[in-house]
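Down below is the structure, laid out as structure tokens.
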Amino acid sequence: MRKLFTPLAILTAAMLGYAPIAIANAPYESTMLLVQKIFYFHLATWMALATAVTVCAAGSVIYLFKGNEKADRIAFAAAELSVVYCTFGLISGSLWGRKAWGVWWQWDAKLTMAFMLEMIFLGYLIVRKYAGPGAEKLAAAMGIFGAATAPFIYKSADWWRTVHPQTSVMKTLGEKAPPMWNVVWFCGVAFVLLFVVLLTLRVGLEDRRAELDRLYLEAEA
Amino acid sequence: MFVRVAWLVLRKDFAIEAKTREILYTTLIFAVACVLVFSFAFVREGQPIEGAGGGILWIALLFSGNLALGRTFERERYGETIRALLLAPAPRAAIYVGKLLGIVALMSLAELILTPLVALLFHAPLFARPLHMIALLVLGTVGFSSVGTLFAAMLMRARTRDVLLPILLYPVTVPVIIAGVMGTSALMQTPADEPMAMLWISLMAFFDVVFVTLALWMFEPLMTE
């Protein structure tokens with residue numbers, strides 16, 4: 001993993017550096033024009049968020065049932081990144097909403113559920129920080145519940161016919177506008193790679209922290 | 001074995017509660033106080049805002065439910081009885097089910113008084129379709145308390161359990177809350193929008209299944225130190 005990290009970080013930086021150019025070169029959407037360009041990063045954020053939530057839940061399950069502390073550290077790092085990506089997703093969505101619906105925030109099912117997901121992972125971090133001994137397990141439960149509700153957030157726009165565009169946009173986009181579709185995926189991959197890079201860094205930090213704690217205990221004994 | 005353990009835990013909680021009635025009374029009075037506070041926001045010129053009743057009912061229930069959850073487990077912690085309960089040679093999941101049923105029964109009792117009160121005070125036609133309303137309340141209570149019982153049990157060991165319980169509980173149970181409020185407002189329309197209410201009821205039932213399954217699955221490893 002350590003050998004792979006530098007090339008991965010460089011690749012991510014290159015992709016993110018090229019992303020604005022790719023977005024600028026992508027064709028304009030017929031009704032939304034310039035505002036539609038938010039979509040490329042907005043969707044990419046949620047793709048990365050879905051990855052982060054999945055990683056967090058997987059780590060939580062492994063920690064809870066197997067007691068693997070490395071899995072717990074990965075879940076913790078993923079939860080932190082979930083909050084970051086979710087915040088960015090809400091902000092980019094808000095910018096879109098301002099132009100598309102005329103308001104910064106709409107109490108629509110999909111938006112409300114996304115807000116809820118942000119609150120769940122903020123709760124996760126609060127528990128880690130303030131609950132004291134045994135907080136890891138409680139946080140793991142939060143991570144699992146958060147991941148269990150995430151699929152409903154994804155499908156909510158289809159089920160409740162909300163103002164948010166439906167998720168089926170992605171299926172038809174590939175046939176209707178291949179250049180746009182390519183840029184969407186390019187940004188998505190770039191954001192997921194960024195998540196992997198950040199996660200590796202964050203887990204590395206937690207590993208060192210755990211090692212330091214162990215050494216302290218050893219020195220005291 | 002499983003059913004018997006759950007029944008015994010439920011009976012134990014019931015016996016204590018029947019003697020003191022502490023949680024029922026405090027929960028109920030708190031819920032009524034909530035309703036009173038809401039009246040300042042939702043009553044204009046002596047008339048309640050149309051459709052406010054459903055939201056008020058659900059929020060009062062959730063706030064008081066949170067209080068009841070905290071109190072139930074505080075009692076176990078104070079008497080150091082939870083350790084004995086967990087040491088008992090019984091399936092952990094059965095202990096969870098017993099606790100859950102106790103909370104559901106307690107909240108149902110509170111609802112029995114609170115719902116007519118809100119209907120009366122806010123001129124809300126909550127009983128236009130009594131069966132649908134009962135289904136919404138029961139399923140909502142089960143969904144809310146299934147997660148609540150799990151979290152409250154876990155938080156017993158935590159330092160800041162009083163503040164942490166609502167912080168963790170409300171975001172997770174949002175789907176149930178949305179379904180409860182939306183379903184109730186569908187029922188309060190004239191004429192009542194039955195298909196819409198049924199949609200929310202089924203959604204709630206679905207989330208109940210997800211929550212109870214997850215809680216049963218996680219209770220055992222979560223309560224092991």
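The values are calculated or read from the model by the stated rules, or taken from the named source; none is laboratory data. Since this is a predicted model, take the numbers as computed values, not measurements. Every residue, glycine among them, receives a Cβ derived from its backbone with ideal geometry; neighbour counts consider all protein chains shown.
The table below gives the values:
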| read-out | value |
| --- | --- |
| Complete set of residues in the stretch B:15-24 that are over 15 Å from the mean Cα position of the chain (by Cα), in a helix (DSSP H, G or I) and either on the phi > 0 side of the Ramachandran plot or not polar (S, T, N, Q) (or both) | B:Ala15, B:Ile16, B:Glu17, B:Ala18, B:Lys19, B:Glu22 |
| Filter result for B:Asp193 (of a type in the set (D, E, K, R) and touching a Leu at 6+ places or on another chain (Cβ under 6 Å)) | no |
| Residue within the stretch B:147-162 that is within 17 Å of the chain's Cα centre (by Cα), surrounded by fewer than 22 Cβ atoms within 10 Å (Cβ to Cβ) and either more than 8 Å from chain A (Cβ to nearest Cβ) or aromatic (Phe, Trp, Tyr) (or both) present | yes |
| Selection status of A:Thr112, part of a helix (DSSP H, G or I) and away from chain B (no Cβ under 14 Å) | no |
| Boolean, B:Val172 is within 29 Å of A:Tyr154 (Cα to Cα), within 12 Å of chain A (Cβ to nearest Cβ) and under 16 Å from the mean Cα position of the chain (by Cα) | yes |
| Of all residues in the stretch B:158-188 being touching a residue at least 24 places away in the same chain (Cβ under 8 Å) and of a type in the set (D, E, K, R), the one that is nearest to B:Ala93 (Cα to Cα) | B:Arg161 |
| Residues of the stretch B:74-96 classified as closer than 21 Å to B:Asp162 by Cβ, part of a helix (DSSP H, G or I) and over 22 Å from the mean Cα position of the chain (by Cα), total | 3 |
| B:Val142 being touching an Asp or Glu at 6+ places or on another chain (Cβ under 6 Å) and either surrounded by fewer than 22 Cβ atoms within 10 Å (Cβ to Cβ) or closer than 28 Å to A:Glu136 by Cα (or both) | yes |
| Checklist (1) farther than 25 Å from B:Leu203 by Cα; (2) within 8 Å of another protein chain (Cβ to nearest Cβ); (3) modelled with pLDDT of 85 or more applied to A:Ala77, failing item | (2) |
| Candidate set: the stretch A:110-145, residues that are among the small types (Gly, Ala, Ser), crowded, with 20+ Cβ neighbours inside 10 Å and over 19 Å from the mean Cα position of the chain (by Cα); chosen: the one modelled with the highest pLDDT | A:Ala135 |
| Test: residue in the stretch A:48-62 that is within 29 Å of B:Phe207 (Cα to Cα), away from chain B (no Cβ under 14 Å), surrounded by 18 or more Cβ atoms within 10 Å (Cβ to Cβ) and hydroxyl-bearing (Ser, Thr, Tyr) | yes |
| Selected residue (criterion: modelled with the lowest pLDDT) from residues of the stretch A:146-161 that are under 27 Å from A:Gly67 (Cβ atoms) and at the interface with chain B (Cβ under 9 Å from one of its Cβ atoms) | A:Thr149 |
| 2 or more residues touching a His at 6+ places or on another chain (Cβ under 8 Å): qualifying helices (runs of 4 or more DSSP H) within the stretch A:1-105 | A:69-100 |
| Some residue of the stretch A:43-59 being closer than 16 Å to A:Ala100 by Cβ and at pLDDT below 90 | yes |
| Some residue of the stretch B:89-97 being out of contact with any strand residue (DSSP E or B) (no Cβ under 8 Å at 6 or more places or on another chain), closer than 30 Å to A:Ala135 by Cβ and without any contact (Cβ under 8 Å) to a residue 24 or more places away in the chain | yes |
| Flag if A:Val84 is within 20 Å of the chain's Cα centre (by Cα), at pLDDT 90 or above and more than 18 Å from A:Cys187 (Cβ to Cβ) | no |
| Residues satisfying the stated conditions in the stretch B:183-203, i.e. within 11 Å of another protein chain (Cβ to nearest Cβ) and either of a type in the set (D, E, K, R) or crowded, with 20+ Cβ neighbours inside 10 Å (or both) | B:Trp200, B:Leu203 |
| Qualifying residue in the stretch B:47-62 (condition: without any contact (Cβ under 8 Å) to a residue 60 or more places away in the chain and part of a helix (DSSP H, G or I)) | yes |
